[in-house]
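The structure appears right after this line, and notes come after that.
The values are calculated or read from the model by the stated rules, or taken from the named source; none is laboratory data. These numbers were taken from a predicted model, which means no experiment stands behind them. Using ideal geometry, Cβ is built from the backbone for each residue, glycine included, and neighbour counts are taken over all protein chains shown. The protein model used for the area step is the full one, side chains on, heavy atoms only, and it has no ligands, DNA or RNA in it. Shrake-Rupley method; radii C 1.70, N 1.55, O 1.52, S 1.80 Å.
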Amino acid sequence: MTTDEGLKPETVAIHAGRSADGTSLAPVLWATSTFRTESVAEGRRLATSATASTFYSRNGNPTVNAFEEAIAELEGAEAARAFSSGMGAVAAVVLGLCSKGDHIVSQRQLYSGTQMLLQSVCPRFGIDVTFVDGTDAQAWHDAVIPGKTMVLLAETPANPRLDLVDLEALGSIAGPMKVVDSTFATPLSQRPLDYGIDLVLHSATKAIGGHNDVMLGVVAGSRELIDWIWGFAVLQGANASPHDALGGLRGLKTLGVRLAQQSSTAEELARVLQDHDRVESVRHPSLKSHPQYDLAQKQMSYSGGLLTFDLKGGLEAGTAFVEATRLCSLAPSLGGPESLVTHPASTTHVGLFPDELAAAGIGPGTIRMSVGLEAAQDVVADVLRSLDALGDVG
Ligand SMILES: *Cc1c(COP(=O)(O)O)cnc(C)c1O
């Protein structure tokens, strides 16, 4: 993967988004809610422009703009809009683009917040949603209702089993707007817009911020679509704080090395777990046993720091394992320096009914792990020790 200038994305991530910085090498923090305006005419122009970053910080802010520019450049997009969280971005896309009577197609394997928004909030506004198996390219196609389906909302790799959506197949569906949540991949691993996808979004709280210290979301696409979303976003009020945008810009600079290191540790851990007698199955895009291994090779440059495995012994083993880890913390989120484990069935996905859990591929012994930046040896040792600690459980 290279950009238009022939630079690798890891390089672009370090240099992109410098418009607000003057001669400062590091990004500048514009910690202000409002800006002085010279005249009424100038105020009117700034108040009504999606690209104005020096009027009022809910509309736009130079530090936030710099982050938006950096993401747009990395994604090969004309424009981007940042939000106060990934869910801020998801909600703005869904509610900014769809109206009463519209239809959305999404997938059963989905980040739980997105799933709840589609399942509980959309119907209240008269927006119908159909959920398909995201790995089935034909199912996306077949679920489209011509003239009614406004948005196809995909997530790849998807939470928590790292199921993939074929970006080329999705991008080729004519009619609805194609939106991809690319959080798990990051802008360095895949560029959905290159496949005909209209909008790509990220929870930059995760690997882009990269240090578990910001809440940030972003969506990138054509100027026209981003301006449209801006019109809703300014009223939604989920704008990114300049402080968090600064964290996002800083995170981008090290995203390449972090992603390489986390992918490498996760690959090592996946191989170790694959042969472990307490483990039923392991999911990681680097493993030939991943049902979409070839697709991963085709559309992703990094295998990523996330892996999911099923323990023998069900609920008892699953909950005992996440409480036994010492180096790995039991915590939601992913893509940071600290290795984290979650037990989706009892935490992130606890609101789902049993059939929904099954459709999302979540079993009682399923563990999702976000590999951090600790030495690989220490991460593997903590996981193996925690498996040993299960003793006779299960
Ligand atoms: C975390 C996450 C979100 C939501 O992002 P927040 O920053 O927590 O609001 C959306 N999609 C995916 C895939 C995520 O992992």
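When the Cα gyration tensor is reduced to axis lengths a ≥ b ≥ c, the ratio a/c is 1.5 or higher for segment 149-301, and with a/b not above b/c it is classed as oblate. Charge dipole (Cα centre; +1 on Lys/Arg Cβ, -1 on Asp/Glu Cβ; no other charges) of the chain amounts to roughly 820 debye.
Distances between placed amide hydrogens fall under 5 Å for Lys178 paired with Leu152, Asp198, Leu199, all partners being 5 or more residues away or on another chain.
Binning all Cα-Cα separations of the chain at 20 Å, short to long from zero, yields these whole-percent fractions: 29, 57, 14, 1.
Could you work out how far the C-alpha centroid of segment 142-164 sits from that of segment 52-112, in angstrom? Cα centres, segment 142-164 to segment 52-112: 17 Å.
Starting from segment 248-305, pick out the trypsin sites (Lys or Arg not before Pro) whose DSSP state is loop and whose Cβ has at most 11 other Cβ atoms within 10 Å.
Loop-located and lightly packed - Lys288.
Mean projection of the Cα convex hull over all viewing directions, computed for segment 1-69: 5.9 nm².
The gain in end-to-end length when the Glu38 to Ala174 segment is fully stretched comes to 44.3 nm, 0.36 nm per residue minus the alpha carbon separation.
Would you mind pulling out the separation of the Cα centroids of segment 340-357 and segment 178-219, in Å? Rounded to whole Å, the Cα centres lie 23 Å apart. Straight-line cross-link reach from Lys298 at under 20 Å between alpha-carbon atoms covers these lysines, not counting any fewer than eight positions away in the same chain: Lys8, Lys178, Lys288. Per residue, the average separation of C-alpha pairs within less than 8 Å and at least 6 apart gives segment 256-388 a relative contact order of 27 percent. Just checking the listed ones, Leu287, Leu167, Leu340: in the Gaussian network model of the chain with Cα springs under 10 Å, the one fluctuating most is Leu287. Modelled spin-label separation between Asp213 and Val121, with each label point placed 7 Å from Cα along the Cα-to-Cβ direction: 2.9 nm. Applied to segment 248-255, the Karplus parametrisation 6.51 cos²θ - 1.76 cosθ + 1.60 on θ = phi - 60° returns per-residue 3J(HN,Hα) values of x, 5, 5, x, 4, 5, 10, 4 Hz, with x for Gly and Pro. Taking label positions 7 Å along the Cα-Cβ direction at both Ser49 and Arg223, the computed distance is 1.2 nm, reported to one decimal. Highest mobility in the GNM of the chain, judged by mean-square fluctuation with C-alpha springs under 10 Å and restricted to Arg326, Arg108, Arg191, is found for Arg326.
Whenever you get a sec, compute what percent of the accessible area on segment 160-208 sits on carbon and sulfur atoms (1.4 Å probe). Roughly 43 percent of what the probe reaches on segment 160-208 is carbon or sulfur. Tally Lys and Arg at +1 and Asp and Glu at -1 over the other residues with C-beta under 12 Å from the C-beta of Ile362: what net charge comes out? Value of the local net charge: 0.
Think of a 1.4 Å ball rolled over the protein heavy atoms: the chain then has 40 Å² of accessible area per residue. Taking every alpha-carbon pair under 8 Å whose residues sit at least 6 apart, the chain reaches a relative contact order of 16 percent.
Based on C-alpha pairs under 8 angstrom that are at least 6 apart in sequence, segment 22-130 has a relative contact order of 16 percent. Once you have a ≥ b ≥ c as the square roots of the Cα gyration tensor eigenvalues for segment 159-228, tell me rounded if a/c is under 1.5, and otherwise prolate or oblate according to whether a/b is larger than b/c. Oblate is the answer for segment 159-228, as a/c is 1.5 or above yet b/c matches or exceeds a/b. Neighbours of Leu373, meaning other residues whose beta-carbon lies under 9 angstrom from its beta-carbon, give a summed charge of -1 when Lys and Arg score +1 and Asp and Glu score -1. Within segment 52-108, the ratio Rg/Rh, alpha carbon atoms throughout and Rh by Kirkwood, equals 1.05. For Gln262, neighbours were defined as the other residues whose beta-carbon sits under 12 Å from its Cβ, and their charges (Lys and Arg +1, Asp and Glu -1) total -2.
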